[in-house]
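Trainee: Below: one structure in structure tokens.
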Amino acid sequence: MRRRTSPAGQGRRPYARLPAGLLLAWLLPAPLLLAPAPGRAQGPQAPQGPQAPQGPQAPQAQSPQVPQPAQGQPAERASEGVQTAQSQEASPVPPATAVPGLPQAPAAEAAGRAAGPALAGSLGDDPSWRAYRARFVTEKGRIVDTANGLISHSEGQGYGMLLAVAAGDRAAFERIWGWTRANLMVRSDELMAWRWAPDHRPAVADMNNATDGDILVAWALTEAAEAWGEPSYRTAARRIAVEFGRKTILFRDPHGPLVLPAVTGFSARDRADGPLVNLSYWVFPAFQRLSLVAPEYDWASVIRSGVEILRRSRFGPSGLPTEWISAKEDGLRPADGFPPLFSYNAIRIPLYLAWAGIGRPEDYAPFRTLWGGIDRERLPIVDTGDGRPVEWLSEPGYTALPALVACAQDGTPFPESLRSVQDGQNYYPTTLHLLALVAARMRTPSCLKP
């Protein structure tokens, strides 16, 4: 999902102190379109009009582009693909560059502005994490998307880093973060290229970012800095958070702050129905914690706008949001050129709501109605136009999402079968399952008691 040139990273020197004028310029909103860096791959052009997929496909990386899922990769080939991809991974880490100075507020004051609980240790010594690490994390730290052509993306790297902090696994965190810096931070700014493909040369063909991946990585670095007291993690988290705050969050939009899915391709200047948003990019628990590294932004307002947009995006008889939503002028509607589906991206919305401990019962109601209880064995992808399922997500990890929502809303215990991750699943459902367990342990641990 993302890309970049001057990576944030460990081993960096502390923030260079910048003149006040330059620091102010850094923090003010910048134009959404990036000029390509000399000698680097040309950045993506604004889409000329999204092409609808030709039919239901295997889950894809949560790309900021028009969803075009790759053909599903059989799960049994995952370990073979991990081994063949390892030899293609870069290892050098690009050098540090000047970054904005840290805020002068005392650490205690900044910590007081963090609304959510700390992530570290919430997963504990769970064998599910060890199984996840063995199956999806290469020796060099690449998270492999086994159902999507064995690619890697900034979203997956961010999830892997979060899970490593939750498990207290600093060695794995270092590996994942090191690979991310070396391979995705290849842009001319502080953000990440969204997608890395082992069978392509160059492996990063699209220099656009994906904002949710940047958010997840910045959040993971913030949690790692809090857990292990490593200044370079805090420095890197701030670099990324300040950058996506400048370039992808429209703080002055009439709808409230809008999170653009990427720097390029989704703004009003890029599309006739722009700006476009995707509600699954509102990573609510991350926004509760990013004030620790970037307190100059009003993260609470970003949370409020996401919840309000969700309440105004109840489309069709199902009352569900579509993946891609036009926020042009005063209205909200399904975006042009995209199928009006509640699909792979959007199933994360209630995960993030429950993880942050926010929202009213009515905010969860459409998801609970759709999923019909914690005993459901598969989740539907729904055409919001007529409310009918068009495909089913059958891997059991997906069903941890209804279990989490029932836990958060009613205190319903997790079914015994969902208290650990089942073998043989692909990257995405396994990741969502582990994230749901982390969210439950952080917010409603009683649901996991024997």
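The values are calculated or read from the model by the stated rules, or taken from the named source; none is laboratory data. Just so we're clear, the structure is a prediction, and the values are computed from it rather than from any experiment. Because the Cβ atoms are built from the backbone with ideal geometry, glycine has one as well, and the counts that use them run over all protein chains shown. Keep in mind that these areas ignore ligands, DNA and RNA; they rest on the heavy atoms of the full protein, side chains included. Shrake-Rupley method; radii C 1.70, N 1.55, O 1.52, S 1.80 Å.
Trainee: It is to be established whether one or more residues within segment 182-197 are on the phi < 0 side of the Ramachandran plot and part of a helix (DSSP H, G or I).
Mentor: Scanning segment 182-197, I find at least one residue that is on the phi < 0 side of the Ramachandran plot and part of a helix (DSSP H, G or I), so the answer is yes.
Trainee: Also, I was wondering about something else. All but one of (1) assigned to a loop (DSSP other than H, G, I, E, B); (2) in contact with a strand residue (DSSP E or B) (Cβ under 8 Å, 6 or more places away or on another chain); (3) buried (at least 23 other Cβ atoms within 10 Å of the Cβ) hold for L401, so report the exception by its number.
Mentor: Failing condition for L401: (1).
Trainee: For residues in segment 323-347 being of a type outside the set (F, W, Y) and not in a loop (DSSP other than H, G, I, E, B), which is farthest from the chain's Cα centre (by Cα)?
Mentor: So the residue we want is R333.
Trainee: Can you find, within segment 410-450, the residue that is nearest to L162 (Cα to Cα) among those that are small (G, A, S) and open to solvent by 10 Å² or more (accessible area, probe 1.4 Å)?
Mentor: Within segment 410-450, the match that is nearest to L162 (Cα to Cα) is S420.
Trainee: Does P413 fit the bill of being in the same structural domain as P366 (by TED's automatic domain parsing), more than 19 Å from D125 (Cβ to Cβ) and outside any helix (DSSP H, G or I)?
Mentor: When the stated conditions are applied, P413 passes them.
Trainee: Do we have any residue at all in segment 284-299 that's free of Cβ contacts under 8 Å to residues at least 40 places away in the same chain, assigned to a loop (DSSP other than H, G, I, E, B) and closer than 16 Å to L353 by Cα?
Mentor: No, segment 284-299 contains no residue that is free of Cβ contacts under 8 Å to residues at least 40 places away in the same chain, assigned to a loop (DSSP other than H, G, I, E, B) and closer than 16 Å to L353 by Cα.
Trainee: Going through V259, V217 one at a time, which residue ends up being buried (at least 24 other Cβ atoms within 10 Å of the Cβ), in the same structural domain as L351 (by TED's automatic domain parsing) and under 25 Å from A354 (Cβ atoms)?
Mentor: The match here is V259.
Per-residue answers, yes or no, for (1) in contact with an Asp or Glu (Cβ under 8 Å, 6 or more places away or on another chain); (2) open to solvent by 30 Å² or more (accessible area, probe 1.4 Å); (3) within 15 Å of L404 (Cα to Cα):
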site: S313; (1), (2), (3): no, no, no
site: A327; (1), (2), (3): yes, no, no
site: I358; (1), (2), (3): no, yes, yes
site: P361; (1), (2), (3): no, yes, yes
site: R376; (1), (2), (3): no, yes, yes
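Trainee: Considering only segment 156-176, state which residues are touching a Phe, Trp or Tyr at 6+ places or on another chain (Cβ under 8 Å) and either open to solvent by less than 10 Å² (accessible area, probe 1.4 Å) or hydroxyl-bearing (S, T, Y) (or both).
Mentor: Correct list: G156, Q157, G158, G160, M161, L162, L163, A164, V165, A166.
Trainee: Filter segment 220-250 down to the residues that are of a type in the set (K, R) and closer than 16 Å to R289 by Cα, then identify the one that is surrounded by the fewest Cβ atoms within 10 Å (Cβ to Cβ).
Mentor: Here the residue is R234.
Trainee: Could you say whether any residue in segment 358-369 is more than 28 Å from A115 (Cβ to Cβ) and not aromatic (F, W, Y)?
Mentor: Yes: segment 358-369 contains one or more residues that are more than 28 Å from A115 (Cβ to Cβ) and not aromatic (F, W, Y).
Trainee: Considering each residue of segment 308-322, count those that are in contact with a strand residue (DSSP E or B) (Cβ under 6 Å, 6 or more places away or on another chain) and not in a strand (DSSP E or B), and give that number.
Mentor: Residues that pass the stated criteria total 3.
Trainee: May I pose another question? In segment 134-155, which residue that is open to solvent by less than 10 Å² (accessible area, probe 1.4 Å) and part of a helix (DSSP H, G or I) is nearest to A286 (Cα to Cα)?
Mentor: Filtering segment 134-155 for residues that are open to solvent by less than 10 Å² (accessible area, probe 1.4 Å) and part of a helix (DSSP H, G or I), the one nearest to A286 (Cα to Cα) comes out as E155.
Trainee: If you don't mind, another one. For segment 378-398, enumerate the residues that are open to solvent by 40 Å² or more (accessible area, probe 1.4 Å) and in a loop (DSSP other than H, G, I, E, B).
Mentor: Listed by number, the residues that qualify are R378, G385, D386, S394, E395.
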